[in-house]
């Protein structure tokens, strides 16, 4: 974190009044040496292109049986009251409460057989890393956004490579944007929510004064570098530069300013509810629009957390509010990406940490079910208009083509131009780790 210190509660010698310090937190910078990065992009054939990922965490795990895998031949205590609807792709049906996604199914890929959660505990970790929480190496597994920040760096000096739109939540994992892990704190998500937005402003400090402080900071670092033989200070240079680049440019603030969007576009996404739902995340449809604006401005990864889908009671009535809002915002995002010519470069994935029980409980809810869950993918140059996987008659077990979280991550890295089985990142002990463990990109999504 960069802090520009001033006098406590008073004025500077130039008479400028301001807060105790100006703070920029969690900014991202490149990790690979430039020749390695250019080589990786050349091998992938994406030199000078801007690939990106938007990852949507459906907080608390949504019920797959009521979204993409409705079982109308099962008993009522399994299938629930919701009905399926036909989509634009013959043979694929989804919930009746997702009409807009149904209309653009040719641009989507529902996965009905996600697995990988080890114990059914609530945590966003597996959604952001593709790995279970236990048995982490020194520093912890980094999230996808942190990996992209470290390996590929920012596309624009004024835009963080990794942005997390999640506000804090009552249950901390519900508000996580994805941790940096052993990628290092410089690759943590930049979080513009709340006071973070105000910290993007100079608040009365002129650019000349900021340049003076940059020069002073450089002087201290030069002195410290003479004493430091570990390279830690050297590694902070890019971090400081990124902070100054953001402060002295309006690009990030402009990307976060939804008033710059035409009213018709904002209406298409909808507003939703900006307040946290219980101990979960907000059902904020405008975050989907912010995600598009951020990747368009240069971000490589944007994460957002949506709702609270842990419906141990009143599952059916809760879906009547959650599903339409998600349907509106997700479909608007996908259509927007296609209309702007961004769909081949920007991959979108929405999922929760596990699925829900086939059996509806006494409180009209569904409980935790790590055996199988669901995901919804779009964009990224992937082959869409198909459904992947099938469950048994009751929707409780995988019958065909189980998909591990790690396979989706391998596919996303592949689409970003990174070979998940060749590139490594060292943990805090210096041991190198591949981006995924023994998982390959999914041939259904990238083949042919």
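Values for this structure:
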quantity: Residue order, fewest to most surrounding Cβ atoms within 10 angstrom, among 143, 250; calculated: 250, 143
quantity: Sorted by Cβ neighbour density within 10 Å, fewest at the top, the residues 54, 92; calculated: 92, 54
quantity: Order by protection proxy (mean Cβ within 10 Å, highest first), peptides 148-157, 314-323; calculated: 148-157, 314-323
quantity: Listed peptides 328-337, 168-177 by packing density, highest first (mean Cβ within 10 Å); calculated: 328-337, 168-177
quantity: Relative packing of 258-264, 421-427, which averages over residues the other C-beta atoms within 10 Å, highest first; calculated: 421-427, 258-264
quantity: Residue order, fewest to most surrounding Cβ atoms within 10 angstrom, among 51, 251; calculated: 251, 51
quantity: The stretch 69-100 versus the stretch 314-372: alpha-carbon centroid distance in Å; calculated: 14
quantity: Rounded, prolate or oblate (a/c below 1.5 giving rounded, otherwise prolate when a/b exceeds b/c) for the stretch 256-411 by Cα gyration tensor; calculated: oblate
quantity: Whether the stretch 351-448 is rounded, prolate or oblate, judged on the alpha carbon gyration tensor where a/c under 1.5 counts as rounded; calculated: oblate
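Read the figures in this text as sums done on the coordinates, not as results from a lab. Treat the numbers as computed from the prediction; the structure is a model and nothing was measured. Don't worry about glycine lacking a Cβ; one is built from the backbone with ideal geometry, like all the others, and counts go over all protein chains shown.
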